[in-house]
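Since the structure comes first, as structure tokens, the remarks are kept for the end.
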Amino acid sequence: MKDLIVIKIGGTSIEQLRPEFFEQLRLWHQAGRKILLIHGGGREISALTQKLQLPVKRENGIRITDQATLQLTRMVLLGQTQPKLLVQLLQHNLPAIGLNAADHQLLQGELLDFAKYGYVGRITAINQAFLKPLLQKQLVITAPLALLGNQWLNINADSAAAAIASLLQADELFLLTDVPGVLKAGQVLPTLTVAAAKRLKAAKIITTGMQPKIAAAFQAARCGVNHVNITNQLSATGTQIIQKEDF
């Protein structure tokens, strides 16, 4: 989709968004750019699962999701994180609408590996006929959840953003994180190739927390998203993905 920018924001990052973030969104919106934000909520979900004494398990950086964890995830994402982001956009006079997978079957998915991850999936389809008119007028916010028939699926937020950007053929994808990019010896790598990423993974410089993000970034680049960046702010390039291969 021409002029589309997809932005993934972590749940914790929502509370730390600076005025410059909203000003950049305003400038893009005024210039006619279409903006789609995908929000996470991983730390909030983990905190609540621990409070309720539910097990918190991860495999390859992916949260293993049983039915209880899935219900809690939906509650946090749709009942806490998304409203919090919408309120901030309203306070900055930015027109926005919050959506979820069940709105006109917005996001459909399939299971990743039920035996290994439980109700964790990947996004396979988007109701573009419903979504595109909304993007013409306002910012669209959605959670990393999808539907398989009537079954909700939990999606890694970075993977969800990459899949959405790919399916919509976005011009740009920003994967916002709490560090200014992919770091090596404390310095931001301005670009990242698959070969370099594999070396950093083997050296345990890229750890399990960053691996899904980098895999998602390469997936989006491989699927035709022109500019893919891992950064902590929209005004900084951070680390740009420049090679379109599997990670």
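The values are calculated or read from the model by the stated rules, or taken from the named source; none is laboratory data. The structure displayed is predicted, hence computed values, not measured ones. No Cβ is skipped: glycine too gets one built from the backbone with ideal geometry, and neighbour counts run over all protein chains shown. The area values use the complete protein model at the heavy-atom level, side chains included, leaving out ligands, DNA and RNA. Shrake-Rupley method; radii C 1.70, N 1.55, O 1.52, S 1.80 Å.
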* Asked: From the list 58, 63, which one is open to solvent by 30 Å² or more (accessible area, probe 1.4 Å), touching a Ser or Thr at 6+ places or on another chain (Cβ under 8 Å) and within 23 Å of residue 215 (Cα to Cα)?
  -> 58
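Filter segment 49-71 down to the residues that are of a type in the set (A, V, I, L, M) and either under 29 Å from residue 206 (Cβ atoms) or in a loop (DSSP other than H, G, I, E, B) (or both) and list them by number. Working first, answer last.
To start, the set of residues in segment 49-71 that are of a type in the set (A, V, I, L, M) comprises 52, 54, 56, 62, 64, 68, 70.
52, 54, 56, 62, 64, 70, listed by residue number.
Can you report the number of residues in segment 124-169 which are among the aliphatic types (A, V, I, L, M), assigned to a strand (DSSP E or B) and open to solvent by 10 Å² or more (accessible area, probe 1.4 Å)?
Initially, segment 124-169 is screened for residues among the aliphatic types (A, V, I, L, M), giving 125-126, 129, 131, 134-135, 139-141, 143, 145-148, 153, 155, 157, 160-165, 167-168.
Those left that are additionally assigned to a strand (DSSP E or B): 125-126, 139-141, 145-148, 153.
After this cut, where a residue has to be open to solvent by 10 Å² or more (accessible area, probe 1.4 Å) as well, the list is 125-126, 147-148.
Matching residues across segment 124-169 total 4.
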* Qualifying positions in segment 181-191 - over 16 Å from the mean Cα position of the chain (by Cα) and either buried (at least 17 other Cβ atoms within 10 Å of the Cβ) or more than 24 Å from residue 223 (Cα to Cα) (or both) -> 182, 183, 184, 185, 186, 187, 188, 189
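Which residue, of 38, 45, is in a strand (DSSP E or B), touching a Lys or Arg at 6+ places or on another chain (Cβ under 8 Å) and open to solvent by less than 20 Å² (accessible area, probe 1.4 Å)? If you could, list the steps in order and put the result at the bottom.
Values: 45 fails: in a strand (DSSP E or B).
Residue meeting the stated conditions: 38.
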* Asked: Of these, 139, 183, which one is of a type outside the set (Asp, Glu) and modelled with pLDDT of 95 or more?
  -> 139
* Asked: Looking at segment 213-225, is at least one residue in contact (Cβ under 8 Å) with a residue 60 or more places away in the chain, closer than 16 Å to residue 10 by Cβ and open to solvent by less than 20 Å² (accessible area, probe 1.4 Å)?
  -> yes
